[in-house]
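The values are calculated or read from the model by the stated rules, or taken from the named source; none is laboratory data. Just so it is clear, the structure is predicted and the values come from calculations on it, not from any experiment. Note that each Cβ is placed from the backbone with ideal geometry, even for glycine, and that neighbours are counted across all protein chains shown. These area figures cover heavy atoms from the full protein model, side chains too; ligands, DNA and RNA do not enter into them. Shrake-Rupley method; radii C 1.70, N 1.55, O 1.52, S 1.80 Å.
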Amino acid sequence: MTKEETLKALLAADLTDARWTKSSFSGGTGQDCLEATRVDGLGWVLRHSILTDHMIPLTEGEYAAYCSGVKADEPGLVP
């Protein structure tokens with residue numbers, strides 16, 4: 001499967017029963033955060049807790065690279 005096919009498959013996945021995870025640092029309202037869910041065999045899908053129909057698909061490698069950048073305090077990824 002090409003990268004484009006993987007990303008499209010992530011967006012087409014049935015996420016009805018998906019277990020969305022958000023950071024414990026997201027604030028008290030629960031509506032000001034980024035949520036993530038893993039789709040087995042494909043990668044990850046990110047969304048905002050308010051605009052839940054706007055999703056960002058990431059391959060396993062892209063998600064790992066993003067998380068590594070945040071952990072390393074890379075400029076532009078963290079305030």
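For this structure, a couple of remarks:
- Spin-label model, Leu77/Lys8: points 7 Å from Cα along the beta carbon direction are separated by 2.9 nm.
- Estimated dipole of the chain in Debye, rounded to 20 [Cβ of Lys and Arg +1, of Asp and Glu -1, Cα centre]: 120
- Computed with every protein chain present, the accessible area of His48 is close to 80 Å² [probe 1.4 Å].
- Options Phe25, Gly69, Leu42, ranked by Cα towards positive dipole end of the chain, top entry (Cβ charges): Phe25
- The chain - percent relative contact order, Cα under 8 Å, separation 6 or more: 23
- Expected 222 nm ellipticity per residue - DSSP helices of 4 or more, -39500 (n - 2.57), all of the chain, to 500: -8500 deg cm²/dmol
- Relative to the compact-globule estimate of 2.2 N^0.38 Å, the Cα radius of gyration of the chain comes out at 1.13.
- Rolling a 1.4 Å probe over the heavy atoms of the protein chains gives the chain an accessible area of 71 Å² per residue.
- Taking only protein heavy atoms and a 1.4 Å probe, the accessible area of the chain is 56% carbon and sulfur.
- Candidate aspartates and glutamates for bridging to Lys71, where Cα separation is under 19 Å - those fewer than 8 sequence places away on the same chain excluded: Glu35, Glu60, Glu62
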